[in-house]
Amino acid sequence: MALTHGAEIQELARLIAACQHLVVFTGAGVSTESGIPDFRGPDGIWTKFNSSDFTFQKFLTSPETRRTSWQRFRANPAHDAQPNPAHHAIAELERLGKLDCVITQNVDNLHEKAGNTHVIELHGTLKWVICLECGHRYASREVRLWLEDGETVPTCRECGGLLKSATVSFGQPMPERETAEAERRSRRCDLFLVVGSSLVVYPAAFMPVYALEAGAKLAIVNLQPTPLDQRADVVLHAQAGEALPHVVSEVKRLLEA
Ligand code: APR
């Protein structure tokens, strides 16, 4: 691994060792090595399902969409997935004192499981299920038991309202506080590292642009090309779980030098 991407790994480590405010921005690609499929890669979810069938509007109006959404929720490998070496490398950057925060589009909670303490979840989380009527919150593991007991479209035990996982679907409003905080930190950083995102879904994909506008350097670790590759100081088309541990051990060497 290191042999084929040695120069990029060295350059990325140098930028991280020299920066003051690193923001790491992640997408589904950081979790594929944990067994969670991405959306737009060769075997991505949107190559099997039609994303327009899973909008918030359809969830509210179509019983069939709710039924298939809860089937997907129940079968989602993210519930029981574990962090992979990419997550652990990003947590190590926090322990080294080099990380301002992680901004993630993922809902799998794997950055927290790996030990990161400042994670901004732009698209919500699979950890909770929320009642769309009264706002009551349930732990997902509790709702998974109801589904295992045969419920197909669970409803709120408090008010009978519709329940939905606390993730943000297409057409659903983004969490305001998290989005504002992510923009503020993207505009304050001096190095913005993208890991495992196709950078095609907005407003999340504005974050690296805010960083560039603020004069930050941009680094991208992603298997496939992204629309921002041309504007990046370093691009690493490699498996994050293989590349990032090499980057972090090089950062440590530079910090000790
Ligand atoms: N290492 C590095 N890159 C990887 C790896 C890996 N192990 N596995 C996949 N990738 C890359 C893919 O090549 C792809 O370009 O990660 C990228 C993932 O892109 P998407 O599947 O589009 O995921 P993401 O960018 O997170 O999507 C954003 O779209 O459907 C919505 O809400 C959903 O949060 C998601 C949003």
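The values are calculated or read from the model by the stated rules, or taken from the named source; none is laboratory data. None of the values given here were measured: they were computed from a predicted structure. Reconstructed Cβ throughout: ideal geometry from the backbone, glycine too, with neighbour counts over all protein chains shown. Heads up: the accessible areas ignore ligands, DNA and RNA and are worked out on the full protein's heavy atoms, side chains in. Shrake-Rupley method; radii C 1.70, N 1.55, O 1.52, S 1.80 Å.
Taken per residue, the accessible surface of the chain reaches 47 Å², heavy atoms only and a 1.4 Å probe. For the chain, the relative contact order is 26 percent, taking Cα pairs closer than 8 Å that sit 6 or more residues apart in sequence and dividing their mean separation by the residue count.
So how far, in whole Å, is the C-alpha centre of the stretch 137-202 from the one of the stretch 57-81? Each part reduced to its Cα centre gives a spacing of 13 Å. Heavy-atom accessible area with a 1.4 Å probe sorts 207, 174, largest first, into 174, 207. Close amide H pairs (under 5 Å, H built 1.01 Å from N) link residue 133 with 162, residues at least 5 positions away or on another chain. Cross-link partners of residue 113 among lysines, defined as those whose alpha carbon lies under 18 angstrom from its own and excluding same-chain residues fewer than eight positions apart: 127. Listed by chain and number, the lysines whose alpha-carbon sits under 21 Å from that of residue 252, ignoring those within fewer than 8 places in the same chain, are 98, 217.
Counting only GluC sites (Glu not before Pro) that DSSP places in a loop and that have at most 16 other Cβ atoms within 10 Å, the longest clean stretch of the chain runs over 1-132. Here the stretch 178-222 has 52 percent of its accessible surface on carbon and sulfur atoms, given a 1.4 Å probe and all protein chains in place. Take the Cα of residue 187, go 7 Å toward its beta carbon, and the backbone nitrogen atoms of the stretch 207-233 under 16 Å from that spot belong to 207-216. Against the chain, whose longest principal axis comes from its Cα atoms, helix 2-18 is set at around 90 degrees. One quarter of the convex hull surface built on the alpha carbon atoms of the stretch 100-257 amounts to 11.5 nm², the projected area averaged over directions. For residue 14, neighbours were defined as the other residues whose beta-carbon sits under 15 Å from its Cβ, and their charges (Lys and Arg +1, Asp and Glu -1) total -2.
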